[in-house]
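Inspection log for the structure reproduced underneath, given as structure tokens.
The values are calculated or read from the model by the stated rules, or taken from the named source; none is laboratory data. Quantities reported herein were computed from a predicted structural model and do not represent experimental measurements. Cβ: placed from backbone, ideal geometry, glycine included. Neighbour counts: every protein chain shown. Side chains are part of the model used for accessible areas, which takes the heavy atoms of the whole protein and leaves out ligands, DNA and RNA. Shrake-Rupley method; radii C 1.70, N 1.55, O 1.52, S 1.80 Å.
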Amino acid sequence: MAACALRRGLLSTVSKYNKKHAHRILSVVDSSSGSEAFRPRVQCRACGLSGGFQQKRFMSSRPEGKILETVGMFEAVKQHGKYETGQLFLHSVFGYRGIVLFPWHARLYDRDITPPMSESKPDPPGAHGSKEVKGKTHTYYQVLIDTRDCPHISQRSQTEAVTFLANHDDSRALYAIPGLDYVSHEDILPYNSTEQIPIQHELFERFLMFNPAKAPPFTPRDTLKAWQEKNHPWLELSDVHRETTENIRVTVIPFYMGMRWRYCIRLENMGAEVVQLRERHWRIFSLSGTLETVRGRGVVGREPVLSKEQPAFQYSSHVSLQAPSGHMWGTFRIERTDGSHFDVRIPPFSLESNKDDKAPPAGYTF
């Protein structure tokens, strides 16, 4: 699988050799208009050899028209601590180039880890029977995605639907900011570049400035600090929920938006079998006492295939409740290549309104 192999092969190889060798990140860019091709390769400058862990970043149906060009030099992966504002990286699952804007500290509830009885909490009414792990602090990052890579991942990740802010004229109308994402610490593959503008995004130069005396050499401008401060309550992610069923891992990040809740979901195939998402089945419990059931084909109008080459799919949606808080849980119906099906659990997650009644977020005008 591309994602797992990228983690196992790329991370282990970079960790093994980074003390003795410098590695160039090479990408194969398809110059033809109709293809999606972007293959990361790591080449050792000391020995001149490309590693055998060369992985496909994007699949292409045509071999012609590709140009090998250097993206940057891999850095050591941080096993502890966090990456700073201005850190360049490759996303280990979706493969895009990005840069860290700022970190968040979230509480990760991972149901794949069996908790001691003293640390488990009961599920919300009607949820499936597993216990919820006590949340552990985990680092996520708000990042900018290189716009050159957005077209290549548009069928796998909704980069235009991850970050929402309120409209100045109508606080109930939300607008999306393309090319922003939330990235877990383990999905960061750090690298450096000699370019002063290595990431193409309209907010790059508004938020960051080049400072060769710093490491990383991109420091936050006052506009980034002001934007973060203004929209902190609605940008911040506080809880992350994760559970794996038959090698399909589901990660949920809920957000409170003032008038409604938003949630971002990532499905990831951790195994070798090709599968396809066919149906969704949601249960939505409101503290007003109502329990709603929602069934439908696919998600956001799609029925994504999860394979070795394209192991993950990410999307965003929203829900409104009659009460200030509630819970959601459910299942995804997954189909195998032989036509058989199985259900993947969506871990229960809370929808909690902010304790202090803040006004809807203000957008930042440039």
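A single member of PRO212, PRO254 is in contact (Cβ under 8 Å) with a residue 24 or more places away in the chain and either over 30 Å from GLN310 (Cα atoms) or not in a helix (DSSP H, G or I) (or both), and it is PRO254.
Residues checked against (1) more than 22 Å from GLY271 (Cα to Cα); (2) not in a strand (DSSP E or B):
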position: SER316; (1), (2): yes, no
position: ALA323; (1), (2): yes, yes
position: GLY326; (1), (2): yes, no
position: ARG333; (1), (2): no, no
position: ARG345; (1), (2): no, no
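Among the residues of the range 105-128, are any closer than 30 Å to LEU224 by Cα, in contact with a helix residue (DSSP H, G or I) (Cβ under 8 Å, 6 or more places away or on another chain), modelled with pLDDT of 50 or more and assigned by the TED database to the domain that holds ARG221? The answer is no, given that none of the residues of the range 105-128 is closer than 30 Å to LEU224 by Cα, in contact with a helix residue (DSSP H, G or I) (Cβ under 8 Å, 6 or more places away or on another chain), modelled with pLDDT of 50 or more and assigned by the TED database to the domain that holds ARG221. In the range 190-201, the count of residues that are within 24 Å of SER353 (Cα to Cα) and either open to solvent by 20 Å² or more (accessible area, probe 1.4 Å) or not in a strand (DSSP E or B) (or both) is zero.
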